[in-house]
Amino acid sequence: MRLIVATRNDHKLSELGQILRGVELAPIPPGVELPPEDGETFEANALIKARAARAACGGAALADDSGIAARALGGRPGVRSARYAGENATDEENISRLISELREEDDRSVAYVCVLAHIGADGTETTVKARCEGTLTLEPRGIGGFGYDPAFVPEDTGSGDERTMAELTDSEKHAISHRGRAARELSRKLGLGGAE
């Protein structure tokens, strides 16, 4: 099966490729302009991107919209995660802003959220949503992953494990991450097989 993935984020494409083994994933061609991600939910943004990819390229399309939600901030940054410190903010700038805002909070719990939207060749739309609960660190650690990974300590590794997502191996991360969980659920729903 071949899917056009509505992203220009090489990290997301790589992660999805590692999880959805046996599925050919192709990035959206450079000449195709993706619409603004102006939805109020992860699902809305994922569908905006998937619909645009299918309309531009034909065939089946896949899109991911994901981010981090802090309980003490009422779920922020949420759908604005990639632009939290500004429209062209780096991962480091976004992490720095979130750490700064949570530094004095008693509740440092955060969750990674991912919605994958698939549109089949026949136009059938399928969405799945997954979460990974964790805690935000006071200082970033690790060199793996991307986004907020250096500041995100997942609950699923156990209470004695203080490693951030950026300190886990790829296989450890995919086993518990929001994107890994969403991709496996989508694979089950669509009968894709091969999801790690």
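The values are calculated or read from the model by the stated rules, or taken from the named source; none is laboratory data. All values reported here derive from a predicted model rather than from experimental measurement. Note that we place each Cβ from the backbone using ideal geometry, even for glycine, and neighbour counts take in every protein chain shown.
Annotations for the structure displayed:
- Close contacts from segment 162-173, counting a first residue that is modelled with pLDDT of 95 or more and part of a helix (DSSP H, G or I) and a second that is crowded, with 19+ Cβ neighbours inside 10 Å and of a type in the set (Lys, Arg), with Cβ to Cβ under 7 Å and a gap of 6+ residues or different chains, come to Met165/Lys173.
- Test: residue in segment 33-43 that is surrounded by fewer than 19 Cβ atoms within 10 Å (Cβ to Cβ), in contact (Cβ under 8 Å) with a residue 12 or more places away in the chain and among the aliphatic types (A, V, I, L, M): yes
- Qualifying strands (runs of 3 or more DSSP E) (wholly inside segment 1-115; at least 1 residues being acidic (Asp, Glu)): 24-27, 61-70
- Tally of residues being within 17 Å of the chain's Cα centre (by Cα) and charged (D, E, K, R) across segment 1-39: 6
- Taken together, the residues in segment 116-160 that are under 15 Å from Glu15 (Cβ atoms), assigned to a loop (DSSP other than H, G, I, E, B) and in contact with a Phe, Trp or Tyr (Cβ under 8 Å, 6 or more places away or on another chain) amount to 1.
- Flag if Arg83 is among the basic types (Lys, Arg), in contact (Cβ under 8 Å) with a residue 12 or more places away in the chain and surrounded by fewer than 17 Cβ atoms within 10 Å (Cβ to Cβ): no
- In segment 145-158, residue farthest from Ala175 (Cα to Cα) [restricted to those that are surrounded by fewer than 16 Cβ atoms within 10 Å (Cβ to Cβ) and touching a helix residue (DSSP H, G or I) at 6+ places or on another chain (Cβ under 8 Å)]: Phe146
- Here Arg2 meets the list (1) modelled with pLDDT of 90 or more; (2) surrounded by fewer than 21 Cβ atoms within 10 Å (Cβ to Cβ); (3) closer than 20 Å to Gly191 by Cβ almost entirely, failing just condition (1).
- In segment 140-174, the qualifying residues are those that are among the hydrophobic types (A, V, I, L, M, F, W, C) and within 19 Å of Asn94 (Cα to Cα), and the one that is farthest from the chain's Cα centre (by Cα) is Ile143.
- The residues of segment 86-95 that are more than 14 Å from Leu136 (Cα to Cα) and surrounded by 15 or more Cβ atoms within 10 Å (Cβ to Cβ), listed by number, are Ala89, Asp91.
- For segment 95-118, a residue qualifies if it is polar (S, T, N, Q) and either closer than 13 Å to Tyr148 by Cβ or free of Cβ contacts under 8 Å to residues at least 24 places away in the same chain (or both), and the qualifying residues are Ser96, Ser100.
- Filter pass, Ala46 being under 15 Å from Val79 (Cα atoms), touching a residue at least 12 places away in the same chain (Cβ under 8 Å), surrounded by 13 or more Cβ atoms within 10 Å (Cβ to Cβ) and of a type in the set (A, V, I, L, M, F, W, C): yes
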